[in-house]
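Engineer: This is the structure, below, for whatever I ask next.
Throughout, read-outs are computed from the coordinates displayed, never taken from laboratory work. Since the model is a prediction, treat every value here as computed from it, not as a measurement. Cβ atoms come from the backbone with ideal geometry, glycine included; neighbour counts cover every protein chain shown.
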Amino acid sequence: MRYGFAIDTKRCIGCHTCSTACRIENNLPAGMWWNRALTEGGAEMDTPAGEFPDATMSYLTVACQHCENPACVKVCPVGATYKDPETGVVRQDYDKCIGCRMCMSACPYNGVRSFNWEEPSYVVDFAMGDADVPPHQKHVVEKCTMCWHRLAKGEEPMCVKTCLARARFWGDLDDPESEVAKLVRERSSKQLLADEGTKPSVYYLV
Amino acid sequence: MSDINNGVGVIDDDFNPAAAPGAREAAGVRAAAWGGRGLTVAIGVSAALAVLGIVLWVIQLSGGMVQTGMRNLDSWGLYITNFMFFVGLSAGGLIISSVPKAFGIAGFGGISKVAVWTSIAATVCAIAFVVVDLGQPMRLWELFAYSNLGSPLMWDIIVLGTYLILSCVYLWATLQNERGRVSATALRVISVVALVCAVLVHSVTAWIFGLQQGREMWHTALLAPWFVSSALVCGTALVAIVVVALRKAGYLALDQANVTKLAKLLGAFICVDLYFFGCDLLTEAFPAAGGMAVVDMLVSGPLAPFFWVEVIGCVACAVVCFTPSLRRPGLIVGASALAIAAIFCKRVQLLIGGFQITNLEMAGPVTPMTVTGWESGISGAYQGLVYWPTMIEWGVTLGVIALGALILLAGLRYLPLRPKQD
């Protein structure tokens, strides 16, 4: 089994709902994004490249790629980041992390891993999201868990559930009958930084 | 960088007036301790700065590492730069004293014990820099309980620990050998093992960076041998400064021929280091493809000041080392300091250069945790240097260096490190 995503870049409208739903569902501390809608365009977010009438703008939503050959897992000195053998999900154990940030240097997908540089503080003064999300800790590294707490209940990740444009698909890439496997098979797709050899489990349909 | 020079400068300045006459007297009566009031003051100052460093470290831990300049997109900084740098500094002493013994050739005239002691002080600093960089130092025990032996960081912790212990054993064996309690053969075996371990320490430290395929600047097979050559440059330079200063302070007598030999060796190491740099730059630049970003960043980009200080400093130092009329003690010390500064600049280039080039050049949400210069937006943050340390990082760094100086100076005072003939 290898859980992964297929993301239809032709359907994605860059609304940032998946990123925001992720922040709420996982009760993320202020200033942290596990999933980010990156703009393929100008120098800042939500700005187009080029000048009118030749301006273009598209989006790539980037979170942990849950690689089959993860660079982060190899370098963690204590095994705090590890690949779940059953599902292929790359997980992070907050209680084990010593905060050396070796994984952040090793991951080629700059910015998908976040460090809690201070005691986590929140935008609102009550906890949001699912009660089963493990509490955030100061001075440890975290990242997308593929909504592990939801997978445990047989539910799909929150970013997939909330996508307005129905651009996000999730499932078992190893099961030829699954929706994601079919999409990857039938549509042309790309993997992010495929040259790095990390074999990401996120396919961008183009 | 200037901190290091100050640390060594302390020896030079404070020893001359007060310590030198006292030392000569003490040498006559075989006193166990050496040094006068100047050394006492230097030890006191180092201890005070080390304590201040610990206080700042506690502040960093309790208030959060948000007080440092490091952020998600530049997640290592001054501490890891210094870790690389001090691992390098620790090389020279051990190698200079163990190579002659291992190969049975003439040494550098009795400086081997002092040289090993500089290695030990530098290794302690290197380990301390890793510890102050950790977010959760209370979980250090996990390194031994849950060791992931596949991680280069784990290799480094094992090799660095072994290196520290081995340096101490080597020093002890040298002392026992002088008293006739350890055979020359045993000492030779230990020196061979220590030498192998020294080469490993630098290679493994390089692999923490060089094995990361995701960072253009780091991912090169040359990095490990290059780390060894850079380590030899700054390590030899440190030993040269320390022994010339100690000679001036009357701690040891050293023939100028031995200093000349050290200087020539330093010059040779610099040539190898520059040669490696040249090879790497050519390999990056020649295809005029992705690697060009690295060359541009170094030669004319944000890291240019560090690049040119390194190149010009190394060349200037080599000129002094290779020109007989320039090999005067003062100039050799100056040139050595320049070489050490140059290698520090090399470390800065490596560390910041790894983060300065991003793989995903797309703009996303920017928060105060994203990148050091987040206020100017994601493109603004990469205009200049992507990382610059804050005051607390400078303070903790000064504290760790003071700890190293404390170990070095206390060793000079209380340990029998002087050449045997004294």
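Engineer: In degrees between 0 and 90, to the nearest 10, how far off the longest principal axis of chain B does helix B:2-14 point, with axes built from Cα atoms?
Structural biologist: It works out to around 20 degrees.
Engineer: Something else now. How well do other chains shield peptide B:64-72, expressed as the mean number of their Cβ atoms within 10 Å of each residue Cβ?
Structural biologist: Mean partner-chain Cβ count within 10 Å for B:64-72: 5.
Engineer: While we're on this one: For region A:12-168, what is the convex hull (Cα atoms) projected area averaged across all directions, in square nanometres?
Structural biologist: On the way: hull surface 41.8 nm².
Approximately 10.5 nm², given one-decimal rounding.
Engineer: What is the helix-to-structure angle for B:184-210, meaning the angle in degrees between its Cα long axis and the longest Cα principal axis of chain B, kept from 0 to 90 and rounded to the nearest 10?
Structural biologist: The angle comes out at about 20 degrees.
Engineer: While we're on this one: Cysteines without a disulfide-compatible partner in chain A, using Cβ under 4.7 Å as the rule?
Structural biologist: A:12, A:15, A:22, A:67, A:76, A:97, A:100, A:107, A:147, A:163
Engineer: With axes computed from alpha carbons, what is the tilt in degrees of helix B:37-63 against the longest principal axis of chain B, rounded to the nearest 10 within 0 to 90?
Structural biologist: That helix lies at roughly 30 degrees to the long axis.
Engineer: Can you pull the mean other chain C-beta count within 10 Å for peptide A:55-61? Before the final figure, lay out the partial values.
Structural biologist: On the way: counts 0, 0, 0, 1, 2, 3, 1.
Other-chain Cβ atoms within 10 Å of each residue's Cβ, averaged: 1.
Engineer: Could I get the Rg over Rh figure for region B:299-422? Both from C-alpha atoms, Rh via Kirkwood, rounded to two places.
Structural biologist: In region B:299-422, Rg relative to Rh is 1.13.
Engineer: Find the relative contact order for region B:285-422 and round it to a whole percent, using C-alpha pairs within less than 8 Å whose residues are 6+ positions apart.
Structural biologist: Contact order relative to length: 18 percent.
Engineer: With a cut-off of 8 Å between alpha carbons and a minimum separation of six or more residues, what is the relative contact order of chain B in percent?
Structural biologist: Numbers: 616 pairs, mean separation 123.5, N = 422.
This gives 29 percent for chain B.
Engineer: Pairs of alpha-carbon atoms within less than 8 angstrom and 6+ residues apart define the contacts here; what relative contact order does chain A have, in percent?
Structural biologist: Computed over chain A, the figure is 32 percent.
Engineer: Taking 2.2 N^0.38 Å as the expected size of a compact globular protein, what ratio does the Cα radius of gyration of chain B give against it, to two decimals?
Structural biologist: Scaled against compact globular proteins, the figure is 0.99.
Engineer: Quote the FRET efficiency, to the nearest 0.05, computed for residue A:57 versus residue B:391 with a Förster distance R0 of 56 Å and r equal to the Cβ-Cβ distance. Could you put the intermediate results ahead of the total?
Structural biologist: On the way: r = 41 Å, r/R0 = 0.73.
Once the sixth-power term is evaluated, E becomes 0.85.
Engineer: Just from its helices, what would the mean residue ellipticity at 222 nm be for the protein assembly as shown, if runs of 4 or more DSSP H residues each count -39500 (n - 2.57) and the sum is divided by every residue, rounded to the nearest 500 deg cm²/dmol?
Structural biologist: -17500 deg cm²/dmol
Engineer: Over the protein assembly as shown, one equal point on each Cα, no solvent: what is log10 I(q)/I(0) by the Debye formula at q = 0.05, 0.12 Å⁻¹?
Structural biologist: The calculated log intensity ratios at q = 0.05, 0.12 Å⁻¹ are -0.26, -1.19.
Engineer: Based on the Cα atoms of region B:167-245, what semi-axes does the equivalent ellipsoid have, where each is the square root of 5 times one gyration tensor eigenvalue, given in whole Å with the largest first?
Structural biologist: Working through the eigenvalues yields semi-axes of 33, 16, 8 Å.
Engineer: For a Förster distance of 45 Å, can you work out the FRET efficiency between the beta-carbons of residue B:304 and residue B:255, rounded to the nearest 0.05?
Structural biologist: 0.60
Engineer: What's the average, rounded to a whole number, of partner chain beta-carbon atoms within 10 Å of each residue's beta-carbon in A:114-122?
Structural biologist: 5
Engineer: Translational diffusion coefficient, Stokes-Einstein: compute it for region B:380-422 using the Kirkwood radius over C-alpha pairs as Rh, at 20 °C and 1.002 mPa s, and state it as an integer in µm² s⁻¹.
Structural biologist: Value of D from the Cα-based Kirkwood radius: 157 µm²/s.
Engineer: Follow-up. Taking trypsin sites (Lys or Arg not before Pro) that fall in a DSSP loop and have at most 15 other Cβ atoms within 10 Å as cut points, what is the longest piece of chain A between them?
Structural biologist: My reading of the result: A:12-152 is the longest stretch.
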